[in-house]
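Note sheet for the following structure.
The values are calculated or read from the model by the stated rules, or taken from the named source; none is laboratory data. Note that the coordinates shown come from a computational prediction; the quantities given were computed from them, not determined experimentally. Note that each Cβ is placed from the backbone with ideal geometry, even for glycine, and that neighbours are counted across all protein chains shown. Heavy atoms of the whole protein, side chains included, go into the accessibility calculation; ligands, DNA and RNA do not. Shrake-Rupley method; radii C 1.70, N 1.55, O 1.52, S 1.80 Å.
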Amino acid sequence: QECSKKQKNDDTQSTSVDALSSDDGSEEKNEFHTLANAKILLSDCLACDNCMTSEEGARVFQQNQKELFRVLNLNKKCDTSKHKVLAVSICPQSLPYFAAKFNLSVNDAAKRLCGFLKSLGVHYVFDTTIAADFSILESQREFVQRYQRRNQDEHALPMFASACPGWIRYAERVLTNLVTSHICTAKSPQQIMGSLVKGYFARQQNLSPDKIFHVIVAPCYDKKLEALREDFYTALYNSHEVDCVLTSGEIVQIMEQKNVSMKEMTEVAVDSLFDEIKEGDVVRHDGKRSDGYLEHIFKHAAKELFGMDVREITYKALKNKDFQEVTLEKDGETVLRFAAAYGFRNIQNMVLKLKKGKFLYHFVEVLACPGGCLNGKGQAQTEDGKPDKALLNQMEEVYAAIPVRLPETNMHVQKMYQDWLEGMDSKKVQETLHTKYSAVNQTASNLDIKW
């Protein structure tokens, strides 16, 4: 079927579907039974589910609270051979939602959320910022390499960011090879976190990857579909890097149905991937509403390619606040031209320019949600599916106040490059931190649709 994003606006009406039941009627009732009736709202890129196969649709809908409860219940039974180590990784853009919604500091929100998850029976709670460190560092390196071979390789530039699964799905299913060859090959933070938990952490704990059940808490529903990609599955262990994705809103649903509040929860320090170390205060990357790929890659490229230290970045809004550009000038010439394109209207305009050969940008940070990741439909929505603008404004204030840490300064990351990944230029880095994006079901006429 045709992608409905060519006809609908960004505020397309939500589609509500019942979460599929994981029990068959014969399963005994358990303490989580009453929590299984929550709805999933697929109101992001997947609103129409036209680009999903029926099998994908069923597997996406199974990624709900009930799947988490199934594993929690399994762990309470006597057959220890079926027990799983339950690890939950929380995206940085989800924490401001919990902080704003419950009127907490972001550090308090992280610790109370950790306390709540562990009260359910979760063993480890991680912060995915370290995975974003890896993703940004690999994206920086790839951009510089692409820029240096731009005259020999017509597909080297522009480079598009790869962190947003809604954008990736749209590119692969609708935009075809015109775009996919330009997408950065670095995995998203979610999937790098999957590699860290099922690879590095599993090895540290002497666990087989299939003995870990890994849950991601994320701002949007598209992350559920990303977790199902075949390139993020290891046949040897019959194990996905991410087993289940729950949105921030779905976590709040669990709290509401258990009749508990974040403010009532005991504060528990967030776990680290490294031995018994605990995480300190929450940190973020540069960028107002996302992981900050544009800012980090821009500064890195300015230094590596032109020997220029850029301290502050000045955004210039173009047609709207969700399409902005950043430029670097040297000796009166514009040597770098970057853009941030958020929301499908801006993405479509960007691609039409690329098709017409009028594309001036070297790099574009592309995000499917207008307003960026904080505005993911899994958290910044009212009960009737409309954007909660007041809450979003609070979230943006909370996020902006979080201290920035450069990926290059994370000593754990540098150590893991050497000890786990066998050096920054190793084959293992390519296998573990990168993937490939390719066109599916090519339909060239789709590019001519006007929004």
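LEU318 meets each of the listed conditions (1) surrounded by fewer than 16 Cβ atoms within 10 Å (Cβ to Cβ); (2) over 24 Å from PRO370 (Cβ atoms); (3) without any contact (Cβ under 8 Å) to a residue 60 or more places away in the chain; (4) not β-branched (Val, Ile, Thr) apart from (2). Scan region 102-114 and tell me whether some residue there is charged (D, E, K, R), touching a helix residue (DSSP H, G or I) at 6+ places or on another chain (Cβ under 9 Å), farther than 22 Å from LYS224 by Cα and not assigned by the TED database to the domain that holds PRO219. No, region 102-114 contains no residue that is charged (D, E, K, R), touching a helix residue (DSSP H, G or I) at 6+ places or on another chain (Cβ under 9 Å), farther than 22 Å from LYS224 by Cα and not assigned by the TED database to the domain that holds PRO219. Picking from residues in region 105-140 that are open to solvent by less than 10 Å² (accessible area, probe 1.4 Å) and polar (S, T, N, Q), the one that is nearest to MET193 (Cα to Cα) is THR128. Taking the criterion of being over 13 Å from ASP133 (Cα atoms), surrounded by 13 or more Cβ atoms within 10 Å (Cβ to Cβ) and without any contact (Cβ under 8 Å) to a residue 24 or more places away in the chain, the residues of region 394-423 that qualify are LEU421, GLU422. Exactly one residue out of VAL174, VAL179 is over 23 Å from LEU336 (Cβ atoms) and not in a loop (DSSP other than H, G, I, E, B): that is VAL174.
Among the criteria (1) farther than 20 Å from ARG70 by Cβ; (2) in a helix (DSSP H, G or I), the one ASN206 does not fulfil is (2).
Checking the structure you have, find out if any residue of region 121-131 is farther than 29 Å from ALA401 by Cβ and in a loop (DSSP other than H, G, I, E, B). Yes, region 121-131 has at least one match. TYR200 falls short on exactly one of the conditions (1) crowded, with 19+ Cβ neighbours inside 10 Å; (2) touching a Leu at 6+ places or on another chain (Cβ under 8 Å); (3) assigned by the TED database to the domain that holds LEU86, and that condition is (1).
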